[in-house]
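Some notes on the structure that comes next.
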Amino acid sequence: MKGKDVLRDNVLLGLGLVLMIAALYLIFIYVPTEREMGVVQRIFYFHVPLAWVGMLAFVFVFIFSILYLWKRAMKWDILAHASAEVGVVFITLVLITGTVWARSIWGVWWTWDARLTATLVLWLTYLAYLLVRNYAAEQTQGARFAAVLGIVGFIDVPIVVLAVNLWRTQHPPALIFEGGITSSMLLTTLMCIAAFTVLYIIIVIQSASMKNLEAEVESLKDI
Amino acid sequence: MENMCFLFAAYTIIWAVVFGYVFYLYRKQRKLQQEINLLKEIMNKQK
């Protein structure tokens, strides 16, 4: 690893740590408890940023997949693969925290609400994106199939985002844009979004460099 | 109090999954390092 890369990784790690500590301080000490939902509303501060960054991850999968099909350079496939992996982990957490929240507020673990269903479809699509690579006869074929799925699957991202406006749903609307939250709640949410964005960048960089190395080792084995 | 349990469960799951994923990456990296060392060994023997 080059000295510049080590410095970049250390700066990102330090920044991520500071932002995460600040986010936890804001969630559990600074922000007041919401009147209607009570203490369980604090799940919101991780649930929403995880969803935002999960969606962002799939936006990058879409961009990198187009670049891969266009340029046919493995680096774009590696970046798309790394981004999809993090996206799936984050959306898994969104679904889990969402069900915990739903159980305490709605009294049920799951309901076939438009937003929830579209998110589940999104999760399954990108899970298929990760699995399709393993079933392809060769690596480039798997990368090609995955890139197509990464582009087609992206259709569900705007559906998830707009579901609360397009259909009547139980899921709360995007309160951040509609001014439905106080300034302290907004600050806490933005801090959490920043912390998870840095975490996403760190994991994607590490995962991509590892996948790069893996590809090099595989090519060396063939010699 | 019941709501506190839900809050605790949600945050515990989040950290468990994030650490689990980082641990998975760490193990993959260690396996890769072992493979690189093995390849180096083979190449050194062939010299």
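The values are calculated or read from the model by the stated rules, or taken from the named source; none is laboratory data. Since this is a predicted model, take the numbers as computed values, not measurements. Note that we place each Cβ from the backbone using ideal geometry, even for glycine, and neighbour counts take in every protein chain shown.
Sort out which residues of segment A:57-70 are crowded, with 19+ Cβ neighbours inside 10 Å and under 18 Å from residue A:94 (Cα atoms), and write them in order of number. Residues satisfying the conditions are A:57, A:58.
Contact map, segment B:24-47: residues that are within 10 Å of another protein chain (Cβ to nearest Cβ) and closer than 26 Å to residue A:89 by Cα paired with residues that are at pLDDT 90 or above and part of a helix (DSSP H, G or I), Cβ distance under 6 Å, separation 6+ or inter-chain. Pairs shown: B:29/A:210. Listed conditions (1) touching a Lys or Arg at 6+ places or on another chain (Cβ under 9 Å); (2) at pLDDT 90 or above are all met by residue A:87, apart from (1).
Quick check on segment A:78-85. Is at least one of its residues among the acidic types (Asp, Glu) and either surrounded by fewer than 20 Cβ atoms within 10 Å (Cβ to Cβ) or more than 12 Å from every other protein chain (Cβ to nearest Cβ) (or both)?
Step one: of segment A:78-85, the residues among the acidic types (Asp, Glu) are A:85.
From what is left, the residues that are either surrounded by fewer than 20 Cβ atoms within 10 Å (Cβ to Cβ) or more than 12 Å from every other protein chain (Cβ to nearest Cβ) (or both) are none.
There is no residue in segment A:78-85 that is among the acidic types (Asp, Glu) and either surrounded by fewer than 20 Cβ atoms within 10 Å (Cβ to Cβ) or more than 12 Å from every other protein chain (Cβ to nearest Cβ) (or both).
Out of all the residues in segment A:151-162, is one or more exposed (fewer than 13 other Cβ atoms within 10 Å of the Cβ) and out of contact with any His (no Cβ under 6 Å at 6 or more places or on another chain)? Yes, that holds for at least one residue.
Can you list the helices (runs of 4 or more DSSP H) lying wholly within segment A:106-223 that have 1 or more residues being within 21 Å of residue A:90 (Cα to Cα) and within 14 Å of another protein chain (Cβ to nearest Cβ)? Can you show your working first?
Details: elements: A:114-135, A:139-152, A:156-166, A:183-222.
Passing ranges, in order: A:114-135, A:183-222.
Of all the residues in segment A:24-40, those that are within 12 Å of another protein chain (Cβ to nearest Cβ) and modelled with pLDDT of 90 or more number 3.
The single residue among A:140, A:188 that is closer than 15 Å to residue A:65 by Cβ, at pLDDT below 95 and hydroxyl-bearing (Ser, Thr, Tyr) turns out to be A:140.
Take residue B:14 and decide whether it is touching a Phe, Trp or Tyr at 6+ places or on another chain (Cβ under 7 Å) and either within 9 Å of another protein chain (Cβ to nearest Cβ) or in contact (Cβ under 8 Å) with a residue 40 or more places away in the chain (or both). Spell out the reasoning first.
Details: touching a Phe, Trp or Tyr at 6+ places or on another chain (Cβ under 7 Å): yes; either within 9 Å of another protein chain (Cβ to nearest Cβ) or in contact (Cβ under 8 Å) with a residue 40 or more places away in the chain (or both): yes.
Yes, satisfied.
If you scan segment B:1-10, which residues turn out to be within 7 Å of another protein chain (Cβ to nearest Cβ) and either out of contact with any strand residue (DSSP E or B) (no Cβ under 8 Å at 6 or more places or on another chain) or at pLDDT 95 or above (or both)?
We begin by selecting, within segment B:1-10, every residue within 7 Å of another protein chain (Cβ to nearest Cβ); these are B:3-4, B:6-7, B:9-10.
Residues satisfying the conditions are B:4, B:6, B:7, B:9, B:10.
One residue alone among A:99, A:125 is closer than 25 Å to residue A:42 by Cα and either surrounded by fewer than 20 Cβ atoms within 10 Å (Cβ to Cβ) or not charged (D, E, K, R) (or both), and that residue is A:99.
Taken residue by residue, segment A:44-55 has at least one member that is away from chain B (no Cβ under 14 Å), in a helix (DSSP H, G or I) and out of contact with any Asp or Glu (no Cβ under 8 Å at 6 or more places or on another chain). Considering (1) farther than 15 Å from residue A:54 by Cβ; (2) without any contact (Cβ under 8 Å) to a residue 60 or more places away in the chain; (3) not polar (S, T, N, Q), the lone condition that residue A:146 does not fulfil carries the number (2).
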